[in-house]
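Comments concern the structure below.
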Amino acid sequence: MGLVMTKQNLDSSKLLHSLQLLHEQLLLIDAPKTELVVCGGSALIALDLVLRTTQDLDIIALIRADELIDSEPLPEYLISAANQVARILNLPIDWLNNRPASQFNLGLPEGFQERLVPKIIGDKLTIHYISRYDQIFFKTYASADRGGYHVSDLRALNPTEDELLAAAQWCMKQDVSEAFSLTLQDMFRQLGWKNVSARI
């Protein structure tokens, strides 16, 4: 029987290595300068906000000429380069993906772009990680919607009551149903943020 290789999770050093290798692939094909806006676990890890691993790099948007643009679809050259990295490092084939792209069209928190944290990987690749503040918004929504590790991430971000209240107000614009509002209130109560629950 052949040996089944387990796909690698990305910690801080492996994430950086994968991005450096992605940059090398972009250099090999003389790709255009590429700027990715990244959220989720990889952004938490890269900015040392949460100590954990992740399986992927979540792209919420691209930047072209200093403007945020939709990441759907991702450029073919980028997908090809990412697939090469996946084969070399034994990563999941979709380790680089744009699953959060729909959020770009639904609306981002005010001031989102100004808070991005850029990391230049090389001449061809810059990663713009979303800020801690915006992570609180996204993780509040995901915690209410899906729970699980998103709740752990939200707690680890150690948000203030004002930050949670701002996040809740944004979330309720994403889902205007009364049921979602009640879910948010209940979640905040269960997590010990009763003052926030009472204010929404």
Problem set entry | Single residue of L106, L47, L89 found to be out of contact with any strand residue (DSSP E or B) (no Cβ under 7 Å at 6 or more places or on another chain), of a type in the set (A, V, I, L, M, F, W, C) and either more than 23 Å from A31 (Cα to Cα) or modelled with pLDDT under 95 (or both) | L106
Exercise. Quick one: in region 27-58, which of the residues that are closer than 23 Å to I69 by Cα and of a type in the set (D, E, K, R) is nearest to the chain's Cα centre (by Cα)?
Worked result: D58
For this session: May I ask you to verify whether E76 is surrounded by fewer than 16 Cβ atoms within 10 Å (Cβ to Cβ) and among the acidic types (D, E)?
Result: yes
Exercise. Does region 153-171 contain any residue that is polar (S, T, N, Q), part of a helix (DSSP H, G or I), in contact (Cβ under 8 Å) with a residue 40 or more places away in the chain and not assigned by TED's automatic domain parsing to the domain that holds G41?
Worked result: no
For this session: Return yes when S18 is without any contact (Cβ under 8 Å) to a residue 40 or more places away in the chain and either of a type in the set (F, W, Y) or in a helix (DSSP H, G or I) (or both) and no when it is not.
Result: no
Seminar exercise, completed: Here the residues within region 27-52 that are of a type in the set (V, I, T), surrounded by 15 or more Cβ atoms within 10 Å (Cβ to Cβ) and in a loop (DSSP other than H, G, I, E, B) are V50
Problem set entry | Residues located in region 5-27, provided they are in contact with a Phe, Trp or Tyr (Cβ under 9 Å, 6 or more places away or on another chain) and either within 15 Å of G40 (Cβ to Cβ) or aromatic (F, W, Y) (or both) | L10, S18
Exercise. Residues of region 63-121 being among the basic types (K, R) and either without any contact (Cβ under 8 Å) to a residue 40 or more places away in the chain or assigned to a helix (DSSP H, G or I) (or both), which ones?
Worked result: R64, R87, R115
Problem set entry | A82 being closer than 14 Å to L21 by Cα, at pLDDT 95 or above, of a type in the set (G, A, S) and buried (at least 19 other Cβ atoms within 10 Å of the Cβ) | yes
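The values are calculated or read from the model by the stated rules, or taken from the named source; none is laboratory data. In this text the structure is predicted, and so the values were computed from the model without any measurement. A quick note on method: Cβ atoms are made from the backbone with ideal geometry, for glycine too, and the neighbour counts reach across all protein chains shown.
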